[in-house]
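For reference, the structure is listed below as structure tokens.
The values are calculated or read from the model by the stated rules, or taken from the named source; none is laboratory data. As the structure is a computational prediction, the values presented were derived from the model and not from experiment. Cβ placement follows ideal geometry from the backbone for every residue including glycine, while neighbour counts extend to all protein chains displayed. To get the accessible areas, we keep the full protein, side chains included, count just its heavy atoms, and leave off ligands, DNA and RNA. Shrake-Rupley method; radii C 1.70, N 1.55, O 1.52, S 1.80 Å.
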Amino acid sequence: MEKPLNKQELVAAVAENADLAKAKAGEVVDAVFGAIEKALSSGQEVRLVGFGTFVTATRKAAKGRNPRTGEEIDIPASTSVRFKPGKNLKEAVSK
């Protein structure tokens, strides 16, 4: 398995593909991430046609058990981000 793509490598790839300076590409990548984060934090869905959709999902509070002691514990409600890949991304990955 290849090593994961980190942010610096993503910025370098964007700079190369868009013929931008790395500093400008870094600003663009940060702006895209910031816009996605802002939309999700306000409850909006982010749809990138062909790539995928980011949505927030809320999990209700629940009761659980500590597997080690068997003691009942409260699991607090939480909100997380989910990603559903689009058709083009699915096809690109399955090749």
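A quick yes/no check of all residues on (1) within 21 Å of the chain's Cα centre (by Cα); (2) polar (S, T, N, Q):
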{"residue": "Pro4", "(1), (2)": "yes, no"}
{"residue": "Leu10", "(1), (2)": "yes, no"}
{"residue": "Val14", "(1), (2)": "yes, no"}
{"residue": "Ala18", "(1), (2)": "no, no"}
{"residue": "Ala35", "(1), (2)": "yes, no"}
{"residue": "Ser41", "(1), (2)": "yes, yes"}
{"residue": "Phe51", "(1), (2)": "yes, no"}
{"residue": "Lys63", "(1), (2)": "no, no"}
So in the range 1-52, with the set limited to residues that are assigned to a loop (DSSP other than H, G, I, E, B) and aliphatic (A, V, I, L, M), which one is most open to solvent (accessible area, probe 1.4 Å)?
Met1
Note on the range 61-95: residues open to solvent by 100 Å² or more (accessible area, probe 1.4 Å), in contact with a strand residue (DSSP E or B) (Cβ under 9 Å, 6 or more places away or on another chain) and either in contact (Cβ under 8 Å) with a residue 24 or more places away in the chain or part of a loop (DSSP other than H, G, I, E, B) (or both) are Glu71, Arg82, Lys84
